[in-house]
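*Asks:* Dumping the structure here so I can ask a few things about it.
The values are calculated or read from the model by the stated rules, or taken from the named source; none is laboratory data. Computed from a predicted structure; not experimentally measured. Using ideal geometry, Cβ is built from the backbone for each residue, glycine included, and neighbour counts are taken over all protein chains shown. Quick note on the areas: whole protein, heavy atoms, side chains included, nothing else; ligands and nucleic acids left out. Shrake-Rupley method; radii C 1.70, N 1.55, O 1.52, S 1.80 Å.
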Amino acid sequence: MDDEVRIPDEGTPAPDAPAPDAPAPDAPPPDPGRAAAGEAPGPVPGIVKPLPAEWFVPRGTNAETRWDAFRDADGDPVIGRHVPVERFFVRNHTSTPLIDPDTWRLKLFGSGLRGAPTAERPVEFGLDDLRELPSTRISALIECAGNGRSFYRSQQGQPVPGTPWTLGGVGSASWRGVRLAEVLRAAGLTGAAVDVLPAGLDPDYVVGGTNYGPVRRPLPIAKALDDVLLAYEMNGEPLTPDHGAPARLVVPGWVGIASIKWVGGVEVADHPLYSPWNTDFYRMFGPDHPPGGGDPLTTQVVKSAFELAAGARLAAGREHRLHGRSWSGSAAVRRVEVSTDGGRTWRRAELRDEPQADGWTRWSVAWRPERPGPYELRARATDDRGDTQPERAVFNREGYLFGAVVAHPVTVV
Ligand SMILES: Nc1nc2c(c(=O)[nH]1)N[C@H]1C(S)=C(S)[C@@H](COP(=O)(O)O)O[C@H]1N2
Ligand SMILES: [Mo]
């Protein structure tokens, strides 16, 4: 493993000076009501937390974490295995709702529960009820299915619509809550249940004159009973508004849309359920996919990123240590190769973490560039299933699951 300082598991906020638009350290917390009213002061209306420019790139209603925010100006790590809540990316279809935890109720209903309770007379749990059920803590990555989407256009000449994420639509956190299985059983789950449909309490998603209703996506019962958490804490603190307070799903390994935030109602049905999020969205469409689209997306693909700004400048004639992380929705990443010459030659990176399926693997390589000029760095990971990163990602109309090797330009000066 490499020589860098080990830092606490949850990561620590950077000691750097705040960006010009960040609140002073002693400033009062932002008034959350303003975000709900669509008057957020930051660059992203609808997001409550501050989005300092040195940590985030605003993208429509979303905010992407900058990979250079994983290290401070001296190149020292400021993010451990888990991304601090303040630096965690935000993906909102509409805007962050402000929900009173005291009056909030989780409402379960449907033909897959004993007595088939209706939406009007559901089985209800308050936050205190959930906290009384056995709690579980897990580490899990949340990653948007569209993470890396911009590279379809920039590397493959294939323009795709949607949020043009680079690689910062991902984060790892420690989550505490109650297993969804536990809640479903407490609500009277029957053996006939097939699908579970959690719905968000955020405003309806309306685009191009179509109202798609609340953000909601069916989850097959097998996954729901396997490792899904109904989380009420993130990194040891109650969930914050932007990340789903008072409770959200955490669906390990799967596309981020499965991890419904601000869960209100949950339909449990003895027949397959549908919403626009498993029919129109989050499936593969295009010439290389089945007519009418592929199956609803489930696991994320293998990806790698350098903890470095695109276009970073590095001094010639000096040894540098290039740091990065690789992850996969299916299995632990145990092998990472790096190229500093645009993919001509590759060498093994040194791994810093014991590879684990529930997180990313941190790695580094030493590099001593002698000549000034432009260079292209690449990293390519392979997970324990043998899945690796190809040269090109298979095109799909919406630009999901970009898993190809990403060229990271730097300038040696
Ligand atoms: N209710 C609701 N849940 C949601 C979303 C949303 O807009 N509304 N966005 C989803 C998507 S697309 C992603 S990638 C993750 C992002 O989680 P985060 O904002 O905590 O990073 O939340 C998911 N859950
Ligand atoms: Mo997403």
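*Asks:* So, Asp358, is that one in contact with a Ser or Thr (Cβ under 9 Å, 6 or more places away or on another chain), assigned by TED's automatic domain parsing to the domain that holds Asn211 and open to solvent by 30 Å² or more (accessible area, probe 1.4 Å) or not?
*Replies:* On the way: in contact with a Ser or Thr (Cβ under 9 Å, 6 or more places away or on another chain): yes; assigned by TED's automatic domain parsing to the domain that holds Asn211: no; open to solvent by 30 Å² or more (accessible area, probe 1.4 Å): yes.
It is false that Asp358 is in contact with a Ser or Thr (Cβ under 9 Å, 6 or more places away or on another chain), assigned by TED's automatic domain parsing to the domain that holds Asn211 and open to solvent by 30 Å² or more (accessible area, probe 1.4 Å).
*Asks:* Going through Leu141, Leu130, Leu106 one at a time, which residue ends up being closer than 18 Å to Val228 by Cα, more than 15 Å from ligand 1 (Cβ to nearest atom) and at pLDDT 95 or above?
*Replies:* Details: Leu141 fails: more than 15 Å from ligand 1 (Cβ to nearest atom); Leu106 fails: more than 15 Å from ligand 1 (Cβ to nearest atom).
Leu130 is the lone residue from the list that is closer than 18 Å to Val228 by Cα, more than 15 Å from ligand 1 (Cβ to nearest atom) and at pLDDT 95 or above.
*Asks:* For Ala245, work out the one condition from (1) in a loop (DSSP other than H, G, I, E, B); (2) within 15 Å of ligand 2 (Cβ to nearest atom) it doesn't fulfil.
*Replies:* Failed condition: (2).
*Asks:* Also, quick follow-up: Does any residue of the stretch 88-106 turn out to be open to solvent by 40 Å² or more (accessible area, probe 1.4 Å) and not in a loop (DSSP other than H, G, I, E, B)? Don't jump to the end; show me each part of the working.
*Replies:* From the stretch 88-106, those open to solvent by 40 Å² or more (accessible area, probe 1.4 Å) are 91, 98-103, 105; that's our starting set.
After this cut, where a residue has to be not in a loop (DSSP other than H, G, I, E, B) as well, the list is none.
Scanning the stretch 88-106, I find no residue that is open to solvent by 40 Å² or more (accessible area, probe 1.4 Å) and not in a loop (DSSP other than H, G, I, E, B), so the answer is no.
*Asks:* Right, here's the next one. Scan the stretch 58-87 for residues that are among the β-branched types (Val, Ile, Thr) and either within 16 Å of ligand 1 (Cβ to nearest atom) or open to solvent by 40 Å² or more (accessible area, probe 1.4 Å) (or both) and jot them down. Don't jump to the end; show me each part of the working.
*Replies:* If we filter the stretch 58-87 for residues that are among the β-branched types (Val, Ile, Thr), which is where we start, we get 61, 65, 78-79, 83, 85.
Within the stretch 58-87, Thr61, Thr65, Ile79, Val83, Val85 meet the criteria.
*Asks:* Another question, if that's okay. Quick check on this structure: which one of Ile138, Ile142 is within 16 Å of ligand 2 (Cβ to nearest atom) and touching a residue at least 60 places away in the same chain (Cβ under 8 Å)?
*Replies:* Ile142
*Asks:* Go through the residues of the stretch 394-401 one by one and say whether even a single one is at pLDDT 95 or above and either within 21 Å of Val83 (Cα to Cα) or part of a strand (DSSP E or B) (or both). Reasoning before the result, please.
*Replies:* Within the stretch 394-401, the subset at pLDDT 95 or above is 394-401.
Checking the rest, the ones that are also either within 21 Å of Val83 (Cα to Cα) or part of a strand (DSSP E or B) (or both) come to none.
Scanning the stretch 394-401 turns up no residue that is at pLDDT 95 or above and either within 21 Å of Val83 (Cα to Cα) or part of a strand (DSSP E or B) (or both).
*Asks:* Name the single residue, out of those in the stretch 262-279 being in a loop (DSSP other than H, G, I, E, B) and within 14 Å of ligand 1 (Cβ to nearest atom), that is surrounded by the most Cβ atoms within 10 Å (Cβ to Cβ). Give the steps one after another, and end with the answer.
*Replies:* At the first step, the residues of the stretch 262-279 found to be in a loop (DSSP other than H, G, I, E, B) are 262, 270-275.
Those still in the list that are within 14 Å of ligand 1 (Cβ to nearest atom) too: 262, 275.
Working: Trp262: 24, Ser275: 18.
Residue satisfying both the conditions and the ranking: Trp262.
*Asks:* Could you list, ordered by first residue, the pairs with Cβ atoms under 6 Å in which the first is in the stretch 178-199 and closer than 19 Å to Arg131 by Cβ and the second is more than 16 Å from ligand 1 (Cβ to nearest atom) and of a type in the set (Val, Ile, Thr), at least 6 apart or interchain?
*Replies:* Hits for this filter: Arg179/Thr136; Ala187/Val123.
*Asks:* Which residues, taken from the stretch 161-179, are more than 24 Å from Phe281 (Cα to Cα) and among the aliphatic types (A, V, I, L, M)?
*Replies:* Answer for the stretch 161-179, where residues must be more than 24 Å from Phe281 (Cα to Cα) and among the aliphatic types (A, V, I, L, M): Ala173, Val178.
*Asks:* Can you name the residue in the stretch 126-144 that is surrounded by 17 or more Cβ atoms within 10 Å (Cβ to Cβ) and over 21 Å from Thr65 (Cα atoms) and is also nearest to the chain's Cα centre (by Cα) among such residues?
*Replies:* Ile138
*Asks:* Can you name the residue in the stretch 200-209 that is assigned to a strand (DSSP E or B) and within 16 Å of ligand 2 (Cβ to nearest atom) and, of all such residues, is surrounded by the most Cβ atoms within 10 Å (Cβ to Cβ)?
*Replies:* Of all residues in the stretch 200-209, those assigned to a strand (DSSP E or B) come to 200, 206-207.
Narrowing the set further to residues that are within 16 Å of ligand 2 (Cβ to nearest atom) leaves 200, 207.
Values: Gly200: 25, Val207: 9.
My answer is Gly200.
*Asks:* Moving on. If you go through the stretch 28-57 one residue at a time, how many are at pLDDT 50 or above, open to solvent by 60 Å² or more (accessible area, probe 1.4 Å) and charged (D, E, K, R)?
*Replies:* To start, the set of residues in the stretch 28-57 that are at pLDDT 50 or above comprises 42-57.
When the remaining residues are screened for being open to solvent by 60 Å² or more (accessible area, probe 1.4 Å), the result is 43, 45.
Cutting the leftovers down to charged (D, E, K, R) gives us none.
Residues meeting the conditions: 0.
*Asks:* For the stretch 227-252, how many residues are open to solvent by 20 Å² or more (accessible area, probe 1.4 Å) and more than 18 Å from Val85 (Cβ to Cβ)?
*Replies:* Qualifying residue count for the region: 2.
*Asks:* Of all residues in the stretch 145-186, which are more than 16 Å from ligand 2 (Cβ to nearest atom), open to solvent by less than 10 Å² (accessible area, probe 1.4 Å) and of a type outside the set (Val, Ile, Thr)?
*Replies:* Matches in the stretch 145-186: Ser174, Trp175, Gly177, Leu180, Ala181, Leu184.
*Asks:* Looking only at residues in the stretch 107-116 that are out of contact with any Ser or Thr (no Cβ under 7 Å at 6 or more places or on another chain) and open to solvent by 20 Å² or more (accessible area, probe 1.4 Å), which one is nearest to ligand 2 (Cβ to nearest atom)?
*Replies:* It comes out as Lys107.
*Asks:* For the stretch 315-346, enumerate the residues that are farther than 18 Å from Leu377 by Cβ and open to solvent by 40 Å² or more (accessible area, probe 1.4 Å).
*Replies:* Ser330, Arg334
*Asks:* Any residue at all in the stretch 218-226 that is assigned to a helix (DSSP H, G or I), within 16 Å of ligand 1 (Cβ to nearest atom) and either open to solvent by 10 Å² or more (accessible area, probe 1.4 Å) or not assigned by TED's automatic domain parsing to the domain that holds Asp128 (or both)?
*Replies:* Within the stretch 218-226, one or more residues are assigned to a helix (DSSP H, G or I), within 16 Å of ligand 1 (Cβ to nearest atom) and either open to solvent by 10 Å² or more (accessible area, probe 1.4 Å) or not assigned by TED's automatic domain parsing to the domain that holds Asp128 (or both).
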